[in-house]
Amino acid sequence: MKILITGGAGFIGSHVVRLFVTKYPEYQIYNLDELTYAGNLENVKDIEHSSNYTFLKADINDAEKMVNLFKKYNFDKVIHLAAESHVDRSITDPLAFVRTNVIGTINLLNAAKDHWKDDLENKLFYHISTDEVYGTLGETGLFTETTAYDPNSPYSASKASSDHFVRAYGETYGLPFIISNCSNNYGPNQFPEKLIPLFFNNIISNKALPVYGDGKYTRDWLYVIDHAHAIDLVFHKGENKSTYNIGGFNEWQNLDLIKLLCEIMDKRLGRAKGESAKLITYVKDRPGHDKRYAIDATKINTELGWKPSVTFEEGLEKTVDWYLENPEWLKNVTSGKYQEYYDKQYV
Ligand code: NAD
Ligand code: TYD
(Lines give C-alpha, C1' and ligand atoms only; values in the text may rest on other atoms or scores of the structure.)
(Ligands and ions follow the chains in the order given, each with its own letter.)
Protein backbone atom coordinates (compact mmCIF):
# COMPACT_ATOMS: atom_id res chain seq x y z
CA MET A 1 0.00 0.00 0.00
CA LYS A 2 1.30 3.44 -0.95
CA ILE A 3 0.09 6.05 1.50
CA LEU A 4 0.41 9.79 1.00
CA ILE A 5 0.50 11.60 4.35
CA THR A 6 0.36 15.39 4.00
CA GLY A 7 1.68 17.72 6.69
CA GLY A 8 3.94 15.00 8.07
CA ALA A 9 6.65 17.45 9.13
CA GLY A 10 4.19 19.26 11.42
CA PHE A 11 3.12 18.45 14.94
CA ILE A 12 0.44 15.75 14.59
CA GLY A 13 1.56 14.62 11.13
CA SER A 14 5.06 13.75 12.35
CA HIS A 15 3.62 11.41 15.00
CA VAL A 16 1.33 9.79 12.42
CA VAL A 17 4.21 9.34 9.95
CA ARG A 18 6.42 7.80 12.64
CA LEU A 19 3.66 5.41 13.75
CA PHE A 20 2.93 4.23 10.20
CA VAL A 21 6.58 3.94 9.11
CA THR A 22 7.54 1.89 12.17
CA LYS A 23 4.36 -0.17 12.65
CA TYR A 24 3.79 -1.03 8.98
CA PRO A 25 7.12 -1.79 7.27
CA GLU A 26 5.12 -3.33 4.38
CA TYR A 27 3.53 0.06 3.54
CA GLN A 28 5.31 2.78 1.55
CA ILE A 29 4.84 6.10 3.34
CA TYR A 30 5.17 9.36 1.41
CA ASN A 31 5.37 12.44 3.60
CA LEU A 32 4.36 15.52 1.58
CA ASP A 33 5.05 18.85 3.25
CA GLU A 34 5.82 22.39 2.10
CA LEU A 35 7.84 23.03 5.28
CA THR A 36 6.12 26.27 6.23
CA TYR A 37 7.08 27.94 9.52
CA ALA A 38 5.22 25.07 11.23
CA GLY A 39 6.91 22.22 9.35
CA ASN A 40 10.24 20.90 10.56
CA LEU A 41 12.09 17.83 9.29
CA GLU A 42 13.73 17.52 12.72
CA ASN A 43 10.34 16.14 13.81
CA VAL A 44 10.87 13.00 11.69
CA LYS A 45 14.67 12.78 11.83
CA ASP A 46 14.63 9.39 13.58
CA ILE A 47 12.84 7.69 10.68
CA GLU A 48 14.19 9.63 7.69
CA HIS A 49 16.43 6.75 6.53
CA SER A 50 13.74 4.04 6.79
CA SER A 51 13.42 2.10 3.54
CA ASN A 52 9.61 2.55 3.46
CA TYR A 53 9.78 6.35 3.87
CA THR A 54 10.03 9.11 1.26
CA PHE A 55 9.86 12.85 1.86
CA LEU A 56 8.28 15.03 -0.84
CA LYS A 57 8.67 18.78 -0.48
CA ALA A 58 5.60 20.24 -2.16
CA ASP A 59 2.87 22.83 -1.72
CA ILE A 60 -0.70 21.51 -1.87
CA ASN A 61 -1.63 24.85 -3.45
CA ASP A 62 0.24 23.71 -6.57
CA ALA A 63 -2.56 21.78 -8.32
CA GLU A 64 -0.42 20.55 -11.22
CA LYS A 65 2.23 19.23 -8.89
CA MET A 66 -0.38 17.24 -6.95
CA VAL A 67 -1.55 15.61 -10.21
CA ASN A 68 2.03 14.81 -11.22
CA LEU A 69 2.86 13.32 -7.83
CA PHE A 70 -0.18 11.02 -8.00
CA LYS A 71 0.95 9.92 -11.48
CA LYS A 72 4.54 9.39 -10.41
CA TYR A 73 3.94 7.54 -7.12
CA ASN A 74 0.52 6.01 -7.68
CA PHE A 75 -0.74 6.57 -4.12
CA ASP A 76 -3.55 4.24 -2.97
CA LYS A 77 -4.63 6.20 0.08
CA VAL A 78 -4.27 9.68 1.51
CA ILE A 79 -4.16 10.90 5.11
CA HIS A 80 -4.49 14.65 4.80
CA LEU A 81 -3.14 16.73 7.68
CA ALA A 82 -1.40 19.63 5.91
CA ALA A 83 -3.07 22.86 6.95
CA GLU A 84 -2.64 26.28 8.41
CA SER A 85 -3.56 25.39 11.97
CA HIS A 86 -3.38 28.39 14.30
CA VAL A 87 -6.51 30.42 15.14
CA ASP A 88 -4.60 33.62 15.99
CA ARG A 89 -2.80 33.61 12.62
CA SER A 90 -6.14 33.04 10.88
CA ILE A 91 -7.43 36.25 12.44
CA THR A 92 -4.58 38.30 10.96
CA ASP A 93 -4.37 36.47 7.59
CA PRO A 94 -7.61 34.61 6.72
CA LEU A 95 -6.72 34.22 3.03
CA ALA A 96 -3.70 32.05 3.79
CA PHE A 97 -6.19 29.67 5.46
CA VAL A 98 -8.55 29.72 2.48
CA ARG A 99 -5.65 28.94 0.15
CA THR A 100 -4.13 26.00 1.98
CA ASN A 101 -7.07 24.59 3.92
CA VAL A 102 -9.78 24.99 1.28
CA ILE A 103 -8.12 25.24 -2.14
CA GLY A 104 -5.16 23.03 -1.18
CA THR A 105 -7.59 20.34 -0.02
CA ILE A 106 -9.58 20.63 -3.26
CA ASN A 107 -6.36 20.29 -5.27
CA LEU A 108 -5.64 17.02 -3.48
CA LEU A 109 -9.24 15.84 -3.89
CA ASN A 110 -9.07 16.55 -7.65
CA ALA A 111 -5.75 14.76 -8.03
CA ALA A 112 -7.06 11.72 -6.11
CA LYS A 113 -10.42 11.65 -7.92
CA ASP A 114 -8.85 11.84 -11.39
CA HIS A 115 -6.08 9.37 -10.64
CA TRP A 116 -8.42 6.81 -9.09
CA LYS A 117 -11.35 7.30 -11.50
CA ASP A 118 -11.11 3.85 -13.14
CA ASP A 119 -10.73 1.90 -9.93
CA LEU A 120 -12.01 3.17 -6.59
CA GLU A 121 -11.49 -0.23 -4.94
CA ASN A 122 -9.22 0.00 -1.88
CA LYS A 123 -8.81 3.75 -2.19
CA LEU A 124 -9.33 6.23 0.63
CA PHE A 125 -9.15 9.97 1.22
CA TYR A 126 -8.88 10.36 5.00
CA HIS A 127 -9.27 14.00 6.01
CA ILE A 128 -8.06 15.12 9.44
CA SER A 129 -10.18 17.87 10.91
CA THR A 130 -10.99 19.64 14.13
CA ASP A 131 -13.81 19.92 16.66
CA GLU A 132 -13.66 23.70 16.12
CA VAL A 133 -15.93 23.30 13.06
CA TYR A 134 -18.83 22.78 15.50
CA GLY A 135 -18.43 26.27 16.97
CA THR A 136 -18.78 26.78 20.69
CA LEU A 137 -20.64 25.08 23.56
CA GLY A 138 -22.28 26.61 26.61
CA GLU A 139 -21.73 25.23 30.11
CA THR A 140 -23.08 21.81 29.17
CA GLY A 141 -23.35 19.49 26.19
CA LEU A 142 -20.84 17.76 23.94
CA PHE A 143 -20.06 17.79 20.22
CA THR A 144 -21.27 14.61 18.52
CA GLU A 145 -20.81 13.52 14.90
CA THR A 146 -24.23 14.99 14.08
CA THR A 147 -23.76 18.41 15.70
CA ALA A 148 -24.38 21.13 13.09
CA TYR A 149 -21.32 22.96 11.80
CA ASP A 150 -21.15 26.51 13.20
CA PRO A 151 -17.55 27.76 12.87
CA ASN A 152 -16.55 31.09 14.43
CA SER A 153 -12.93 31.74 13.43
CA PRO A 154 -11.41 32.00 9.96
CA TYR A 155 -9.43 28.85 10.86
CA SER A 156 -12.49 26.82 11.80
CA ALA A 157 -14.46 28.22 8.85
CA SER A 158 -11.71 27.07 6.48
CA LYS A 159 -11.59 23.60 8.07
CA ALA A 160 -15.40 23.36 7.96
CA SER A 161 -15.30 24.26 4.28
CA SER A 162 -12.67 21.61 3.55
CA ASP A 163 -14.76 19.00 5.43
CA HIS A 164 -17.77 19.91 3.26
CA PHE A 165 -15.72 19.54 0.08
CA VAL A 166 -14.43 16.13 1.13
CA ARG A 167 -17.99 14.95 1.83
CA ALA A 168 -19.23 16.51 -1.43
CA TYR A 169 -16.56 14.64 -3.44
CA GLY A 170 -17.75 11.44 -1.76
CA GLU A 171 -21.37 12.08 -2.70
CA THR A 172 -20.77 13.58 -6.16
CA TYR A 173 -17.87 11.52 -7.49
CA GLY A 174 -18.02 8.47 -5.23
CA LEU A 175 -14.60 9.21 -3.75
CA PRO A 176 -14.15 6.95 -0.70
CA PHE A 177 -13.55 9.20 2.30
CA ILE A 178 -13.47 9.38 6.08
CA ILE A 179 -13.29 12.52 8.22
CA SER A 180 -12.23 12.69 11.84
CA ASN A 181 -12.72 15.75 14.02
CA CYS A 182 -10.39 15.92 16.99
CA SER A 183 -10.12 18.12 20.07
CA ASN A 184 -7.02 20.11 21.11
CA ASN A 185 -3.81 18.08 20.91
CA TYR A 186 -0.71 18.54 23.05
CA GLY A 187 2.61 16.73 23.31
CA PRO A 188 6.15 16.65 21.90
CA ASN A 189 6.99 18.67 18.76
CA GLN A 190 4.15 21.19 19.01
CA PHE A 191 5.11 24.60 17.66
CA PRO A 192 5.30 27.17 20.49
CA GLU A 193 2.48 29.36 19.23
CA LYS A 194 -0.17 27.07 20.76
CA LEU A 195 -1.00 27.41 24.45
CA ILE A 196 1.04 24.64 26.13
CA PRO A 197 4.41 24.93 24.33
CA LEU A 198 4.19 28.73 24.25
CA PHE A 199 3.64 28.85 28.00
CA PHE A 200 6.40 26.25 28.58
CA ASN A 201 8.81 28.43 26.60
CA ASN A 202 7.81 31.57 28.49
CA ILE A 203 8.09 29.86 31.89
CA ILE A 204 11.66 28.71 31.27
CA SER A 205 12.56 32.17 29.96
CA ASN A 206 10.76 33.90 32.86
CA LYS A 207 8.48 35.76 30.45
CA ALA A 208 4.86 36.79 31.07
CA LEU A 209 2.19 34.14 30.43
CA PRO A 210 -0.42 35.92 28.28
CA VAL A 211 -3.83 34.60 29.34
CA TYR A 212 -6.55 35.74 26.95
CA GLY A 213 -9.61 37.32 28.61
CA ASP A 214 -10.54 35.86 31.99
CA GLY A 215 -8.88 32.49 31.27
CA LYS A 216 -12.20 30.70 31.80
CA TYR A 217 -12.28 29.14 28.35
CA THR A 218 -12.51 25.37 28.21
CA ARG A 219 -10.73 22.95 25.88
CA ASP A 220 -10.75 19.13 25.73
CA TRP A 221 -7.10 18.03 25.60
CA LEU A 222 -5.73 14.89 23.97
CA TYR A 223 -2.15 13.58 23.97
CA VAL A 224 -0.90 13.65 20.39
CA ILE A 225 0.26 10.02 20.35
CA ASP A 226 -3.23 8.94 21.40
CA HIS A 227 -4.55 10.91 18.42
CA ALA A 228 -2.05 9.16 16.12
CA HIS A 229 -3.32 5.76 17.38
CA ALA A 230 -6.91 6.87 16.78
CA ILE A 231 -5.99 7.86 13.21
CA ASP A 232 -4.38 4.43 12.70
CA LEU A 233 -7.59 2.73 13.86
CA VAL A 234 -9.92 4.93 11.81
CA PHE A 235 -7.71 4.51 8.74
CA HIS A 236 -7.82 0.71 8.97
CA LYS A 237 -11.26 0.05 10.47
CA GLY A 238 -13.34 3.18 9.83
CA GLU A 239 -16.37 2.99 7.61
CA ASN A 240 -16.46 4.70 4.21
CA LYS A 241 -18.33 8.06 4.24
CA SER A 242 -18.16 8.28 8.03
CA THR A 243 -17.13 10.87 10.54
CA TYR A 244 -15.47 10.07 13.86
CA ASN A 245 -15.09 12.51 16.74
CA ILE A 246 -11.87 12.04 18.70
CA GLY A 247 -11.41 13.59 22.12
CA GLY A 248 -9.69 13.15 25.43
CA PHE A 249 -12.74 13.03 27.76
CA ASN A 250 -10.59 15.69 29.38
CA GLU A 251 -11.95 19.20 29.79
CA TRP A 252 -9.82 21.91 31.38
CA GLN A 253 -10.40 25.59 31.88
CA ASN A 254 -7.33 27.43 30.59
CA LEU A 255 -6.43 28.88 33.99
CA ASP A 256 -6.56 25.49 35.74
CA LEU A 257 -4.42 23.95 33.01
CA ILE A 258 -1.91 26.82 33.21
CA LYS A 259 -1.66 26.45 37.00
CA LEU A 260 -1.01 22.70 36.63
CA LEU A 261 1.69 23.41 34.03
CA CYS A 262 3.24 26.01 36.36
CA GLU A 263 3.29 23.49 39.25
CA ILE A 264 5.02 20.85 37.11
CA MET A 265 7.52 23.44 35.89
CA ASP A 266 8.27 24.64 39.44
CA LYS A 267 9.15 21.05 40.38
CA ARG A 268 11.22 20.39 37.25
CA LEU A 269 13.11 23.70 37.47
CA GLY A 270 13.63 23.52 41.25
CA ARG A 271 11.64 26.70 41.75
CA ALA A 272 9.65 27.52 44.90
CA LYS A 273 5.99 26.43 44.66
CA GLY A 274 3.95 29.21 43.08
CA GLU A 275 6.97 30.90 41.45
CA SER A 276 6.06 30.19 37.79
CA ALA A 277 2.39 31.11 38.35
CA LYS A 278 3.51 34.64 39.23
CA LEU A 279 4.15 35.06 35.47
CA ILE A 280 0.42 34.81 34.69
CA THR A 281 -0.72 38.04 33.00
CA TYR A 282 -4.19 38.78 31.67
CA VAL A 283 -4.17 40.22 28.16
CA LYS A 284 -6.76 41.35 25.62
CA ASP A 285 -9.09 38.56 24.60
CA ARG A 286 -8.97 36.81 21.22
CA PRO A 287 -11.78 38.13 18.97
CA GLY A 288 -14.54 35.55 18.47
CA HIS A 289 -12.98 33.37 21.20
CA ASP A 290 -14.92 30.09 21.47
CA LYS A 291 -15.99 29.54 25.09
CA ARG A 292 -15.94 25.78 25.33
CA TYR A 293 -15.09 22.72 23.23
CA ALA A 294 -15.85 19.17 24.40
CA ILE A 295 -16.06 16.01 22.34
CA ASP A 296 -18.36 13.06 22.74
CA ALA A 297 -16.00 10.28 21.64
CA THR A 298 -18.51 7.48 22.25
CA LYS A 299 -18.67 6.42 18.59
CA ILE A 300 -14.95 5.75 18.12
CA ASN A 301 -14.87 4.20 21.58
CA THR A 302 -17.74 1.75 21.05
CA GLU A 303 -17.32 1.05 17.31
CA LEU A 304 -13.53 0.90 17.09
CA GLY A 305 -12.52 0.32 20.71
CA TRP A 306 -10.33 3.44 20.99
CA LYS A 307 -9.66 5.32 24.18
CA PRO A 308 -6.85 7.61 25.35
CA SER A 309 -3.93 5.75 26.96
CA VAL A 310 -2.61 8.45 29.29
CA THR A 311 -4.19 10.77 31.83
CA PHE A 312 -3.75 14.49 31.29
CA GLU A 313 -1.32 14.74 34.23
CA GLU A 314 0.84 11.92 32.77
CA GLY A 315 0.70 13.39 29.27
CA LEU A 316 1.58 16.88 30.45
CA GLU A 317 4.56 15.59 32.45
CA LYS A 318 5.79 13.62 29.43
CA THR A 319 5.39 16.74 27.31
CA VAL A 320 7.29 18.96 29.74
CA ASP A 321 10.06 16.35 29.95
CA TRP A 322 10.32 16.18 26.15
CA TYR A 323 10.71 19.95 25.84
CA LEU A 324 13.27 19.99 28.67
CA GLU A 325 15.24 17.20 26.96
CA ASN A 326 15.12 18.93 23.56
CA PRO A 327 16.24 22.52 24.14
CA GLU A 328 17.87 22.64 20.69
CA TRP A 329 14.56 21.88 18.99
CA LEU A 330 12.90 24.74 20.83
CA LYS A 331 15.84 27.06 20.20
CA ASN A 332 15.77 26.32 16.46
CA VAL A 333 12.05 26.90 16.02
CA THR A 334 12.02 30.09 18.10
CA SER A 335 14.92 31.74 16.29
CA GLY A 336 14.41 33.99 13.27
CA LYS A 337 10.83 34.76 12.30
CA TYR A 338 9.29 33.47 15.54
CA GLN A 339 10.28 36.62 17.43
CA GLU A 340 8.62 38.79 14.78
CA TYR A 341 5.40 36.80 15.15
CA TYR A 342 5.60 37.00 18.95
CA ASP A 343 6.11 40.75 19.00
CA LYS A 344 3.22 41.32 16.61
CA GLN A 345 0.86 39.06 18.56
CA TYR A 346 1.73 39.95 22.14
CA VAL A 347 3.70 43.18 22.47
P1 NAD B 1 0.93 22.09 12.23
O2 NAD B 1 0.70 23.54 11.94
O3 NAD B 1 1.86 21.71 13.34
O4 NAD B 1 1.45 21.36 10.92
C5 NAD B 1 0.93 21.60 9.66
C6 NAD B 1 1.90 21.03 8.64
O7 NAD B 1 1.35 21.28 7.33
C8 NAD B 1 3.29 21.69 8.66
O9 NAD B 1 4.30 20.71 8.59
C10 NAD B 1 3.29 22.57 7.43
O11 NAD B 1 4.59 22.73 6.86
C12 NAD B 1 2.37 21.80 6.50
N13 NAD B 1 1.74 22.68 5.50
C14 NAD B 1 1.11 23.86 5.73
N15 NAD B 1 0.70 24.40 4.57
C16 NAD B 1 1.07 23.54 3.59
C17 NAD B 1 0.93 23.54 2.18
N18 NAD B 1 0.32 24.56 1.55
N19 NAD B 1 1.39 22.48 1.48
C20 NAD B 1 2.01 21.46 2.11
N21 NAD B 1 2.21 21.42 3.44
C22 NAD B 1 1.74 22.45 4.17
O23 NAD B 1 -0.52 21.49 12.46
P24 NAD B 1 -1.01 20.31 13.42
O25 NAD B 1 -1.34 20.88 14.74
O26 NAD B 1 -0.06 19.17 13.33
O27 NAD B 1 -2.39 19.93 12.72
C28 NAD B 1 -2.42 18.96 11.68
C29 NAD B 1 -3.85 18.80 11.21
O30 NAD B 1 -4.67 18.39 12.29
C31 NAD B 1 -4.47 20.08 10.65
O32 NAD B 1 -5.28 19.75 9.54
C33 NAD B 1 -5.31 20.59 11.80
O34 NAD B 1 -6.40 21.34 11.33
C35 NAD B 1 -5.76 19.29 12.43
N36 NAD B 1 -6.05 19.37 13.89
C37 NAD B 1 -5.14 19.92 14.75
C38 NAD B 1 -5.44 19.93 16.12
C39 NAD B 1 -4.46 20.49 17.12
O40 NAD B 1 -4.80 20.60 18.31
N41 NAD B 1 -3.23 20.83 16.75
C42 NAD B 1 -6.64 19.40 16.60
C43 NAD B 1 -7.54 18.84 15.67
C44 NAD B 1 -7.23 18.82 14.32
P1 TYD C 1 -4.64 27.37 21.23
O2 TYD C 1 -3.54 26.52 21.75
O3 TYD C 1 -4.32 28.50 20.31
O4 TYD C 1 -5.72 26.39 20.58
P5 TYD C 1 -7.24 26.67 20.05
O6 TYD C 1 -7.43 28.13 19.92
O7 TYD C 1 -7.23 25.99 18.72
O8 TYD C 1 -8.13 26.04 21.05
O9 TYD C 1 -5.42 27.99 22.47
C10 TYD C 1 -5.97 27.17 23.49
C11 TYD C 1 -6.68 28.07 24.49
O12 TYD C 1 -5.71 28.91 25.14
C13 TYD C 1 -7.66 29.02 23.83
O14 TYD C 1 -8.79 29.21 24.69
C15 TYD C 1 -6.90 30.33 23.71
C16 TYD C 1 -5.99 30.31 24.94
N17 TYD C 1 -4.69 31.02 24.77
C18 TYD C 1 -4.32 32.00 25.69
O19 TYD C 1 -5.03 32.30 26.66
N20 TYD C 1 -3.13 32.65 25.49
C21 TYD C 1 -2.32 32.36 24.43
O22 TYD C 1 -1.24 33.00 24.29
C23 TYD C 1 -2.70 31.33 23.51
C24 TYD C 1 -1.84 30.96 22.35
C25 TYD C 1 -3.90 30.68 23.74
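The values are calculated or read from the model by the stated rules, or taken from the named source; none is laboratory data. Everything numeric here is computed off the predicted structure, so don't read it as measured data. No Cβ is skipped: glycine too gets one built from the backbone with ideal geometry, and neighbour counts run over all protein chains shown. Side chains included, ligands, DNA and RNA excluded: accessible areas come from the protein's heavy atoms. Shrake-Rupley method; radii C 1.70, N 1.55, O 1.52, S 1.80 Å.
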inquiry  = Out of the residues in segment 37-62 meeting the condition of being assigned to a loop (DSSP other than H, G, I, E, B) and more than 15 Å from ligand 1 (Cβ to nearest atom), tell me which one is farthest from HIS289 (Cα to Cα).
reply    = SER51
task = Residue by residue through segment 5-64, note down the ones that are open to solvent by 20 Å² or more (accessible area, probe 1.4 Å), within 16 Å of ligand 2 (Cβ to nearest atom) and either over 24 Å from ASP88 (Cα atoms) or out of contact with any Phe, Trp or Tyr (no Cβ under 7 Å at 6 or more places or on another chain) (or both).
result = ILE12, TYR37
key: Unique match (being within 13 Å of ligand 2 (Cβ to nearest atom) and small (Gly, Ala, Ser)) among SER156, SER180   = SER156
inquiry  = Anything in segment 1-20 that is within 15 Å of ALA112 (Cα to Cα) and β-branched (Val, Ile, Thr)? List them, or say none.
reply    = ILE3, ILE5, THR6
key: Residue count, segment 117-142 (criterion: within 16 Å of ligand 2 (Cβ to nearest atom) and charged (D, E, K, R))   = 3
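Okay, residues lined up against (1) part of a loop (DSSP other than H, G, I, E, B); (2) closer than 21 Å to LYS194 by Cβ; (3) within 14 Å of ligand 1 (Cβ to nearest atom):
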residue	(1), (2), (3)
LEU4	no, no, yes
VAL21	no, no, no
ASN31	no, no, yes
LEU35	yes, yes, yes
remark   = Of LYS71, LYS65, the only residue that is basic (Lys, Arg) and either within 11 Å of ligand 1 (Cβ to nearest atom) or not in a helix (DSSP H, G or I) (or both) is LYS65
task = From (1) within 30 Å of ARG167 (Cβ to Cβ); (2) open to solvent by less than 10 Å² (accessible area, probe 1.4 Å), pick out the condition that doesn't hold for PRO197.
result = (1)
inquiry  = Condition first: over 14 Å from CYS182 (Cα atoms) and among the aliphatic types (A, V, I, L, M). Now tell me which residues in segment 145-169 satisfy that.
reply    = ALA148, ALA157, VAL166, ALA168
note = Given (1) part of a helix (DSSP H, G or I); (2) within 12 Å of ligand 2 (Cβ to nearest atom); (3) crowded, with 22+ Cβ neighbours inside 10 Å, ASN202 misses just (3)
ask   = Conditions: (1) within 29 Å of ASP285 (Cα to Cα); (2) touching a Leu at 6+ places or on another chain (Cβ under 6 Å). TYR217 meets all but one. Number of the miss?
value = (2)
Strands (runs of 3 or more DSSP E) lying entirely in segment 230-347 (those with 2 or more residues that are surrounded by 15 or more Cβ atoms within 10 Å (Cβ to Cβ) and within 23 Å of the chain's Cα centre (by Cα)) = 242-246, 251-253
query = Taking segment 258-289 as the search range and keeping residues that are among the β-branched types (Val, Ile, Thr) and within 16 Å of ligand 2 (Cβ to nearest atom), which one is nearest to LYS194 (Cα to Cα)?
reply = ILE258
query = Out of all the residues in segment 76-95, is one or more of a type outside the set (S, T, N, Q) and without any contact (Cβ under 8 Å) to a residue 12 or more places away in the chain?
reply = yes
inquiry  = If ARG167 meets every condition in (1) of a type in the set (Lys, Arg); (2) in a helix (DSSP H, G or I); (3) surrounded by 18 or more Cβ atoms within 10 Å (Cβ to Cβ) apart from one, which number is that one?
reply    = (3)
